[in-house]
Each structure stands twice: as C-alpha cells, then as structure tokens.
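What follows is a single structure, and I will ask about it in a moment.
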C-alpha cells in the first residue's frame with residue numbers, strides 16, 4: 001500500500017484531482033447518463049485508497065458517445081474503491097517488469113485497489129492470466145476499444161491494460177460497488 005499512497009500523493013502534488021461521484025451527488029445516474037461533451041480530459045485520474053476487497057468481474061459495453069469498462073468489487077459495501085488510471089507508452093507487468101503488448105493507438109493502464117484473489121484464502125476471485133485478454137470481454141466491433149490485457153494482481157492491486165483507438169478523453173467514477181472507466185469516441189461533442 002505504500003507505493004499506492006506515494007503515487008496518489010504525487011498526483012495530488014501535481015494538482016490532478018480525483019474524478020469520482022460522491023455519495024448523495026446529483027440526482028442523475030452517471031451510469032445511465034449519456035454525455036457527448038468533452039471536458040473529461042486525458043490526464044491521469046486517481047481515487048482514494050481503500051481497504052482491500054476482491055475484484056470479481058470485469059465487463060465492457062459500448063454506448064453512443066463512449067465505450068465502457070466496469071470492475072465489480074461487490075464486497076466494497078459502497079466504500080471507496082481506490083484506483084489509478086492513465087495513459088502509458090508501454091504496459092509493464094507489476095512484479096516482473098515484463099512488457100505486455102497491447103493493440104491499439106494508445107494504452108490506458110487501469111489499476112484497481114482490489115486483488116483478483118480472496119486475501120484470506122488466496123483463491124482467485126477473477127481468473128486473469130498475465131498477458132492474456134480479459135476473460136469474457138470481447139471488444140471486437142467497439143468504436144474506441146481495441147484490446148484488453150490482464151497484467152497482474154500484485155500487492156493488493158489488479159492491473160489491466162485497455163488498448164484504445166487513440167489517446168482520447170476518459171472519466172472514472174464509482175457507482176455502488178463498481179468502478180467505471182468510460183473512454184470517449186472523440187474529443188469534444190460528437191454523435
């Protein structure tokens with residue numbers, strides 16, 4: 001957790017704010033809301049550190065203005081799910097440092113403060129395999145997503161790569177026990 005705290009402190013020091021949906025926020029549902037407006041930006045985003053809760057599933061969807069990746073962390077109980085999301089030049093697997101090839105014009109690295117295993121028993125809760133596409137996530141035919149790769153579950157974080165068409169704006173927010181990453185189809189308003 002120490003490296004997680006250092007990374008968040010570095011982002012905070014650089015003036016980068018977390019993008020989350022606070023409890024009791026506006027009555028609109030950010031999961032259902034369709035926004036073709038720009039303003040999301042492509043700078044790194046981070047959310048508060050959380051207690052370890054296991055990740056159970058990752059799934060994708062496509063919408064009119066963006067493609068979406070959803071991380072299920074059901075035991076979070078509505079508590080904040082920590083994350084760091086940002087573009088990288090290469091995707092390095094945590095632990096080994098090996099480069100994992102990712103298709104697409106840009107790579108969005110997503111780190112969720114949720115291990116892919118039960119911390120008490122060590123049993124997998126999400127069966128990711130290093131360097132392989134995410135289980136059950138087929139992004140063929142998506143407008144923005146091009147590839148997904150599992151990196152690792154190391155020191156309580158699950159690390160994945162999302163290959164996208166280009167370095168496009170994205171947003172990250174928590175909705176109940178899910179962490180949501182949306183990547184816009186284009187910069188600025190589009191339909």
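Could you give every pair whose Cβ atoms fall below 9 Å, whose first residue belongs to segment 169-182 and is without any contact (Cβ under 8 Å) to a residue 60 or more places away in the chain, and whose second residue is crowded, with 21+ Cβ neighbours inside 10 Å, counting only separations of at least 6 or pairs across chains?
Here the result reads none, with nothing in segment 169-182 linked to a residue that is crowded, with 21+ Cβ neighbours inside 10 Å.
Still on this structure: For segment 138-158, what are the residues that are part of a strand (DSSP E or B) and touching a helix residue (DSSP H, G or I) at 6+ places or on another chain (Cβ under 8 Å)?
The answer is 157, and nothing else.
Can you name the residue in segment 169-191 that is in a loop (DSSP other than H, G, I, E, B) and under 16 Å from residue 70 (Cα atoms) and is also modelled with the highest pLDDT among such residues?
177
Per-residue answers, yes or no, for (1) out of contact with any strand residue (DSSP E or B) (no Cβ under 7 Å at 6 or more places or on another chain); (2) touching a residue at least 12 places away in the same chain (Cβ under 8 Å):
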residue: 43; (1), (2): yes, yes
residue: 66; (1), (2): no, yes
residue: 70; (1), (2): no, yes
residue: 74; (1), (2): yes, yes
residue: 80; (1), (2): no, yes
residue: 90; (1), (2): no, yes
residue: 122; (1), (2): yes, no
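Can you tell me which residues in segment 70-92 are surrounded by fewer than 20 Cβ atoms within 10 Å (Cβ to Cβ), modelled with pLDDT of 95 or more and either more than 17 Å from residue 134 (Cβ to Cβ) or over 12 Å from the mean Cα position of the chain (by Cα) (or both)?
Matches in segment 70-92: 86, 87, 88, 89, 90, 92.
Could you check residue 98 against (1) surrounded by 12 or more Cβ atoms within 10 Å (Cβ to Cβ); (2) free of Cβ contacts under 8 Å to residues at least 40 places away in the same chain; (3) over 16 Å from the mean Cα position of the chain (by Cα); (4) under 28 Å from residue 63 (Cα atoms) and say which number it fails?
(4)
Check whether at least one residue in segment 103-119 is without any contact (Cβ under 8 Å) to a residue 12 or more places away in the chain and in contact with a strand residue (DSSP E or B) (Cβ under 9 Å, 6 or more places away or on another chain), and report yes or no.
no
I've got another one for you. Residues in segment 101-123 that are at pLDDT 95 or above and surrounded by fewer than 20 Cβ atoms within 10 Å (Cβ to Cβ): how many?
Adding up the residues that qualify gives 5.
Pick out the one residue from 166, 114, 161, 103 that is closer than 17 Å to residue 46 by Cα and outside any strand (DSSP E or B).
114
Suppose the filter is crowded, with 16+ Cβ neighbours inside 10 Å and modelled with pLDDT of 90 or more; does residue 59 pass it?
no
Another question about this same structure. For segment 124-136, give me each residue that is surrounded by fewer than 20 Cβ atoms within 10 Å (Cβ to Cβ) and in a loop (DSSP other than H, G, I, E, B).
Those that are surrounded by fewer than 20 Cβ atoms within 10 Å (Cβ to Cβ) and in a loop (DSSP other than H, G, I, E, B): 127, 129, 130, 131, 132, 133, 135, 136.
Mind listing whichever residues of segment 40-66 are in a strand (DSSP E or B) and over 13 Å from the mean Cα position of the chain (by Cα)?
Hits for segment 40-66 are 61, 62, 66.
The values are calculated or read from the model by the stated rules, or taken from the named source; none is laboratory data. Here the structure is a predicted model, which means the values were calculated and not measured. Using ideal geometry, Cβ is built from the backbone for each residue, glycine included, and neighbour counts are taken over all protein chains shown.
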